[in-house]
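Peer 1: Supplied in structure tokens, the structure appears directly below.
The values are calculated or read from the model by the stated rules, or taken from the named source; none is laboratory data. Note that the structure is predicted; figures quoted are calculated from it, not measured. Positions of Cβ are generated from backbone atoms using ideal geometry, with glycine treated the same way; all protein chains shown enter the neighbour counts.
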Amino acid sequence: MGFFSKMFGLFSTHLAMDLGTANTLIYLKGEGVILNEPSVVAIDNNTSKVIAVGREAKEYIGRTPPNINAIRPLKDGVIADFDVTKAMIKYFLTVIRKDRKVSKPKMVVGVPSGITQVEKKAVVDACFQVGIRNVFLIEEPMAAAIGANMPIELPRANMVIDIGGGTTEVAIISLSAIAHSESLRVAGDELDEAIIRYLQKKHQIAIGVIAAERIKMEVASVAPASFKNVPVTLVGKDMLTGIPKTIRISEEEVREAIEEPVAAIVDAIRRTLERLPPEFVSDLNDSGMVLTGGGALLRGLDQRIEAETGVRVRVTDEPLFSVVMGAGMTLEDMGKYRRVYIN
Ligand SMILES: Nc1ncnc2c1ncn2[C@@H]1O[C@H](COP(=O)(O)OP(=O)(O)OP(=O)(O)O)[C@@H](O)[C@H]1O
Ligand SMILES: [Mg+2]
């Protein structure tokens with residue numbers, strides 16, 4: 001029995017979690033991903049009781065009476081509301097426990113690279129306080145790279161771009177560690193906000209964040225050559241009269257709406273490339289870079305980045321699962337991956 005299996009004990013439950021700004025996913029060793037829910041909690045303000053969590057709570061956003069609050073407890077990849085995050089993790093563990101025996105749980109948790117000591121401690125404390133016995137932290141780009149089967153242990157550049165809800169992380173991994181990284185607080189949420197602002201300005205129509213996200217998923221495209229997606233009809237609130245208003249929005253308009261945040265993301269990638277030593281840059285010429293996180297699903301983003309950097313881009317198979325899959329893969333062989341944990 002190896003050191004790590006001894007340390008973990010044979011009968012404990014091995015979990016991995018991607019605690020994201022937009023979505024939380026949990027992986028169980030031997031089973032795979034067993035939970036995938038939005039990171040949203042609905043709270044009763046009078047009693048502080050949790051009313052709904054995950055998918056159901058996301059439906060509440062923008063639709064709550066004054067005594068209920070639909071909260072996203074993570075911001076920019078880190079815990080913004082400690083108690084609510086704790087309540088959310090506790091609820092998710094309860095869901096998992098419904099169908100299986102979970103004893104002495106140990107957990108690998110993904111955190112943004114460049115997270116502060118205080119932010120790290122918050123993640124560890126939240127886990128301890130809901131009964132997790134052992135917490136191992138892994139940087140999310142590292143987990144995503146492992147999930148994407150990149151040869152992270154080699155002395156060569158492995159480049160990962162993780163575009164989540166709150167942050168875009170650009171990282172270069174070599175010899176099982178992050179060699180360079182840049183974190184940008186512009187990601188999926190910012191695209192939704194940009195769509196909302198555009199519609200207010202151009203069409204005097206107000207829509208909610210969930211509707212904006214839907215437009216982004218269904219019609220947005222940033223490819224150099226347009227895909228010509230079908231326009232969508234959407235209903236919002238006429239800002240002049242206050243009554244419902246229906247408009248059609250085309251791909252061209254959505255492209256214009258999100259251009260600023262998209263350009264900011266592409267710039268961050270270019271900046272990282274500019275700072276790299278020549279050896280890494282020549283590695284990337286061979287291996288290309290990997291695009292992951294929900295934002296990687298924005299149509300044409302891979303082509304746009306390729307066109308503007310000259311480096312080949314591969315989108316991971318299931319970008320929303322890469323971090324949790326990679327964190328989970330380290331559970332399968334903790335001895336091999338011990339160097340990637342940062343606490
Ligand atoms: N098909 C799609 N097209 C464009 N964006 C998408 C698509 N599907 C999901 N997204 C966006 O991806 C984001 C969520 O991605 P992900 O789950 O990777 O984030 P997260 O890990 O929770 O956040 P973070 O890593 O910033 O903490 C959301 O902004 C969502 O709108
Ligand atoms: Mg993420």
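Peer 1: Of all residues in the stretch 88-142, count the ones that are among the small types (G, A, S), under 22 Å from E31 (Cα atoms) and either in the same structural domain as V160 (by TED's automatic domain parsing) or away from ligand 2 (no atom under 16 Å from the Cβ) (or both).
Peer 2: 2
Peer 1: Only strands (runs of 3 or more DSSP E) wholly contained in the stretch 232-327 count here; list those with 2 or more residues that are among the β-branched types (V, I, T) and within 29 Å of I152 (Cα to Cα).
Peer 2: Details: elements: 232-238, 244-249, 289-292, 313-315.
So the answer is 289-292, 313-315.
Peer 1: Another question, if that's okay. Under 7 Å by Cβ, and 6 or more places apart or on different chains, what pairs join a residue from the stretch 243-266 that is under 10 Å from S221 (Cα atoms) with one that is of a type in the set (S, T, N, Q) and buried (at least 18 other Cβ atoms within 10 Å of the Cβ)?
Peer 2: E251/S221; R255/S221
Peer 1: Further question on the same structure: Give me a count of the residues in the stretch 243-300 that are within 16 Å of ligand 2 (Cβ to nearest atom) and within 30 Å of L175 (Cβ to Cβ).
Peer 2: Kept after step one, since they are within 16 Å of ligand 2 (Cβ to nearest atom), are these residues of the stretch 243-300: 265, 268, 290-298.
Retained after the next criterion (residues that are within 30 Å of L175 (Cβ to Cβ)): 265, 268, 290-296.
Residues flagged as within 16 Å of ligand 2 (Cβ to nearest atom) and within 30 Å of L175 (Cβ to Cβ) within the stretch 243-300 amount to 9.
Peer 1: Residues in the stretch 2-16 that are at pLDDT 95 or above and away from ligand 1 (no atom under 16 Å from the Cβ): how many? Walk me through how you get there before you give the answer.
Peer 2: So the first thing to find is which residues in the stretch 2-16 are at pLDDT 95 or above, and the list is 14-16.
Going one step further and asking which of them are away from ligand 1 (no atom under 16 Å from the Cβ), we end up with 14-15.
Qualifying residue count for the region: 2.
Peer 1: Looking only at the stretch 17-38, which residues are within 10 Å of ligand 1 (Cβ to nearest atom) and free of Cβ contacts under 8 Å to residues at least 40 places away in the same chain?
Peer 2: Let us first name the residues in the stretch 17-38 that are within 10 Å of ligand 1 (Cβ to nearest atom), namely 18-25, 36, 38.
Passing the criteria: only P38.
Residues are listed down the side, and each one gets a yes or a no for (1) surrounded by fewer than 14 Cβ atoms within 10 Å (Cβ to Cβ); (2) in contact with a strand residue (DSSP E or B) (Cβ under 6 Å, 6 or more places away or on another chain); (3) of a type in the set (S, T, Y):
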| position | (1), (2), (3) |
| --- | --- |
| H180 | no, yes, no |
| E190 | no, no, no |
| Y198 | no, no, yes |
| A220 | no, no, no |
| A225 | yes, no, no |
| G236 | no, yes, no |
| T241 | yes, no, yes |
| S250 | no, no, yes |
| I269 | no, yes, no |
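Peer 1: Which is farther than 26 Å from I163 by Cα and hydroxyl-bearing (S, T, Y), of T47, T85, T116?
Peer 2: Details: T85 fails: farther than 26 Å from I163 by Cα; T116 fails: farther than 26 Å from I163 by Cα.
Just one listed residue meets the conditions, T47.
Peer 1: Can you tell me how many residues in the stretch 57-77 are within 24 Å of Q129 (Cβ to Cβ) and either out of contact with any Ser or Thr (no Cβ under 8 Å at 6 or more places or on another chain) or not in a strand (DSSP E or B) (or both)?
Peer 2: Here is the first cut: in the stretch 57-77, the residues within 24 Å of Q129 (Cβ to Cβ) are 57, 69-77.
Add one more test, that the residue is either out of contact with any Ser or Thr (no Cβ under 8 Å at 6 or more places or on another chain) or not in a strand (DSSP E or B) (or both), and what stays is 57, 69, 71-73, 76-77.
Total satisfying the criteria: 7.
Peer 1: Say we look at the stretch 44-81 and pick out the residues that are within 18 Å of M17 (Cα to Cα) and touching a helix residue (DSSP H, G or I) at 6+ places or on another chain (Cβ under 6 Å); which of these is surrounded by the fewest Cβ atoms within 10 Å (Cβ to Cβ)?
Peer 2: V78
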